[in-house]
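Read through the structure below, which is laid out as structure tokens, and then see the notes.
The values are calculated or read from the model by the stated rules, or taken from the named source; none is laboratory data. What you are looking at is a predicted structure, and each value in this text was computed from that prediction instead of being measured. Please note: Cβ atoms are built from the backbone with ideal geometry, for glycine as well, and neighbour counts cover all protein chains shown. Side chains included, ligands, DNA and RNA excluded: accessible areas come from the protein's heavy atoms. Shrake-Rupley method; radii C 1.70, N 1.55, O 1.52, S 1.80 Å.
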Amino acid sequence: MSHYPLMLSPLDLGFTTLKNRVLMGSMHTGLEETQDWNRVAEFYAERARADVGLIVTGGIAPNEEGAVLPGASGMLNDQDVANHRIVTDRVHEAGGKIAMQILHAGRYAYSPKCVAPSPIKSPISPFPPAELDDAGIEKQISDMVSAAVRAQAAGYDGVEVMGSEGYFLNQFLVTHTNKRTDKWGGSYENRMRLPVEVVRRVREAVGEKFILVYRLSMIDLIPNGSTTAEVIQLAKAVEVAGATIFNTGIGWHEARVPTIATSVPRRGFTWVTKKMMGHVNIPIITSNRINMPDVAESVLEDGCADMVSMARPFLADAEFVKKAAEGNAAKIAPCIACNQACLDHTFAGKLTTCLVNPRACNETELVYEPAETPKTVAIVGAGPAGLSTAMVAAERGHKVTLFDQADKIGGQLNMAKMVPGKEEFHGLVAWYETMIAEADIDLRLGVYVAATDLSEFDEVIVATGVMPRDTGIDGQNGKNVLSYIDVLRGGAKVGKNVAIVGAGGIGFDVAEYLVHQGESPTENIDQWREEWGVGDPEQTRGGLAVEGKQPEAPARQVTLLQRKAEKPGKRLGKTTGWIHRMALQMKDVKMMAGVNYEKIDDEGIHISYGEARERPTVIAVDTVVMCAGQVPERSLADDLAAIGITAHVIGGADVASELDAKRAINQGSRLAASL
Ligand code: NAP
Ligand code: SF4
């Protein structure tokens, strides 16, 4: 029997057939903006070669005012057509199909030239948009049609018209952003006129045999958003206007509800798409937090959609579909929905890549060639740095021995997976276990390695990680003081009133761990919806709960402390920090910044404020948990140097202050590629 029979069955669109029901969803990677079209082409072709059903490109602007930011890639002239032709040719040679997303950002454009139905500034851009007049709206339609015609000339199999996520077309649909009184505003019929008109005119211009995906906002998650009845009304009109497929959009970018972060349950929004099933006669795609073939198959089995969209999973593993079809799903590198190397990069103006796959968007530059001279390679430490080095080195034909003192691989990933909302880390560790077991790697766990044991290897790599920083706080060795390791490894008894020293990534994680009890909301869609106030767009506008049931009371009273006078959590991920802060606020975690630590004793932790150490205060707690960062564990590296063995030191053992899995995996993979 074939694996994933629904996901892998073809989808007949009448004039063309998609080889399976997997869409690689649109992502802003920044690749197009490099103008290195060979690199762009290779990124998509690698995914096409591995059999994804249909690819949608990152958003391409139809004109200057609609571009997400000045300089963003557009489909504006013959040169653009020629550039994109390189991409479509390469994808077609690889046996794939590709559609270009037409993205008009409207008031979300980070540009003083931005335009919108009404002059209402968005909370996520500093630029107030200019209100379009009738001629201005006609120009936008005509520019979108021209972009579609050029996309066709560039060899695309279709276009996706971006109608969701709070972008331009979406902005016309709801009174939140459309206050017009002409034929483009007022009644719902008027507000939906623009998206319908765009689809009708695009279809007219490109003819019958061209895929036209319409990305429909099925739950806006903003005040005064659409209702399900309105979404269905729009869908019916867009179908008549000429769409081939509907894709699902979940939540506007300004929504204060997480929609794709790792703490969102898997397939957490497919119930929304299901509401559309049966109301239109063209296929419907669902999306958001679908990251593994079994999840995709279950979504299709449950009748939530005809096809699934996955975007970030194709950064994590270009061969997602191929591996699933071959019965090798356990070998698919899992997207853990961390956003650390993809969306956080985009918002920092950096090129996208992937925490678990540094080759993503670097396909032409980071190539794992067979080694010219296979070497013996010793790697000490089976955390993310050591594991990625071992995998790539073994893939290249080196003879790898991987040591760890612990009795299992994963290092600090094993702590991350204990945190509610970070369950995806279980899958990441499981993937490493599969890949290390498959590869020709001599894995030696529970082994202490001395420098003298390593003298016979051609290459020695030290990936021994980190150890907690010694803060020197008076009383830190008391019985009421624990380290984050004691807490996250489990077993340590933690009181009901807790102070956490350090509000970095781990301080936040430990707080999350301590305030939760029972099932993690990430494992229970209904509970998660209650926590975040996600209602039902059939009942409330935009799908915001009228009265969200209060989140469950915290399991403990937690105070999070930091010395810097800045907002705690300020340095967390750009696209996820706000979620962590909100999650802890919902659990009444008290955050205190700008403190000095005076001492810890039986009363709790004594703090003061400012350089003059004013306002001495005791925070009465039963337990203090130290989350004050780490320092490199370099004892092996030092011992090796002392006996004259040159070693490569990577990951946290190299730089602890930036300790994170993204840097460790990237550094390890690149080192192994160079051996
Ligand atoms: P971190 O982010 O560097 O935070 C360390 C915390 O300890 C800071 O709040 C720092 O703030 C405090 N601190 C530093 N020196 C101190 C001292 N001598 N005494 C008392 N407090 C001190 O380190 P982390 O929390 O251990 O996280 C390590 C890395 O793991 C992060 O860089 C991140 O990449 C990764 N991580 C990320 C996440 C996430 O983004 N969600 C989660 C987990 C881990 P003050 O100096 O102001 O007191
Ligand atoms: Fe997924 Fe994280 Fe990779 Fe982004 S960086 S694709 S969220 S694993």
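Which GluC sites (Glu not before Pro) from segment 569-624 combine a DSSP loop assignment with at most 13 other Cβ atoms within 10 Å? Before the final figure, lay out the partial values.
Details: sites: Glu598, Glu603, Glu611, Glu614; in loops: Glu603, Glu611.
Qualifying residues, ordered by number: Glu603, Glu611.
Specify the inter-centroid distance of segment 205-239 and segment 1-39, based on alpha-carbon positions, in whole Å.
20
Relative to the Cα centre, what is the charge dipole magnitude of the chain, using +1 at the beta carbon of each Lys and Arg, -1 at the beta carbon of each Asp and Glu, and rounding to the nearest 20 debye?
The calculated dipole for the chain is roughly 1300 debye.
Out of the DSSP beta bridges found with both residues in segment 11-347, what percent are antiparallel (nearest 5)?
Of all bridge pairs located within segment 11-347, approximately 5 percent are antiparallel.
Order the peptides 290-302, 476-488 from the highest to the lowest mean number of other Cβ atoms within 10 Å of their residues. Each step should come with its number before you reach the end.
Numbers: 290-302: 20.3, 476-488: 17.2.
Packing order, densest peptide first, comes out as 290-302, 476-488.
Can you give me the Rg/Rh ratio for segment 589-648, using Cα atoms for both radii and the Kirkwood formula for Rh? Can you show the working numbers first?
Numbers: Rg = 19.2 Å, Rh = 14.9 Å.
Ratio of gyration radius to Kirkwood radius: 1.29.
Per residue Cα convex hull volume for segment 542-630, in cubic angstrom?
Normalising the Cα hull of segment 542-630 by residue number yields 144 Å³.
By how many degrees, 0 to 90 and rounded to 10, does the Cα axis of helix 37-49 deviate from the longest principal axis of the chain?
With both axes taken from Cα atoms, the answer is about 90 degrees.
Which peptide among 437-447, 44-54, 245-255 comes first, and what is the full order, when sorted by highest mean count of other Cβ atoms within 10 Å?
Descending mean neighbour count gives 245-255, 44-54, 437-447.
How about Lys179: which lysines have a C-alpha closer than 23 Å to its C-alpha, ignoring those fewer than 8 places off in the same chain?
Lys113, Lys121, Lys139
Would you mind computing the Rg to Rh ratio of segment 11-347 from its alpha-carbon coordinates, Kirkwood style for Rh?
0.93
Taking Cα centroids, how far is segment 259-333 from segment 135-189 in Å?
27
Residues with amide H under 5 Å of Gly225's amide H, sequence separation 5 or more or different chain, H placed in the peptide plane at 1.01 Å from N; which?
Gly542
At a Förster distance of 56 Å, what's the computed FRET efficiency of Ala450 paired with Ser187, Cβ-Cβ distance as r, to 0.05?
So, using R0 = 56 Å, E works out to roughly 0.10.
What whole-number value in Å² describes the accessible area per residue of the chain for a 1.4 Å probe? Don't skip to the end; give the middle numbers.
Numbers: 26240 Å² over 675 residues.
Accessible area per residue: 39 Å².
Would you list, by chain and number, the lysines whose Cα falls below 24 Å from the Cα of Lys422, excluding same-chain residues fewer than 8 positions away?
Lys331, Lys408, Lys493, Lys496, Lys549, Lys567, Lys570, Lys574, Lys587, Lys590, Lys662
Leaving out ligands, DNA and RNA, what percent of the accessible area of the chain is carbon and sulfur, probe 1.4 Å?
Working: 12920 of 26240 Å².
Within the chain, the accessible surface is 49 percent carbon and sulfur.
If you scale each eigenvalue of the Cα gyration tensor by 5 and take the root, what three semi-axes come out for the chain, rounded to whole angstrom and sorted largest first?
With the √(5λ) rule applied to the chain, the semi-axes are 44, 32, 22 Å.
Return, for the Cα atoms of segment 4-61, the radius of gyration and Dmax in Å, separated by a comma.
For segment 4-61, the Cα-based Rg and Dmax read 13.3, 39 Å.
Report the far tail of the P(r) of segment 475-602, meaning the percent of Cα-Cα pairs longer than 25 Å.
32
With a 1.4 Å probe and all protein chains in place, put Asp536, Asp622 in order of accessible area, largest first.
Numbers: Asp536 30, Asp622 75 Å².
Putting Asp536, Asp622 in descending order of accessible area: Asp622, Asp536.
So for the chain: antiparallel DSSP bridges make up what percent, rounded to the nearest 5?
Details: 16 of 79 bridges.
DSSP beta bridges in the chain are roughly 20 percent antiparallel.
Short version: ³J(HN,Hα) in whole Hz for each residue of segment 86-99, in order, from phi by Karplus 6.51 cos²θ - 1.76 cosθ + 1.60 (θ = phi - 60°), x for Gly and Pro, what are they?
4, 5, 5, 4, 5, 5, 5, 4, 7, x, x, 10, 9, 10
Based on the mean of other Cβ atoms within 10 Å per residue, sort peptides 13-23, 365-375, 104-114 so the most packed one is first.
In descending order of packing, they fall as 104-114, 13-23, 365-375.
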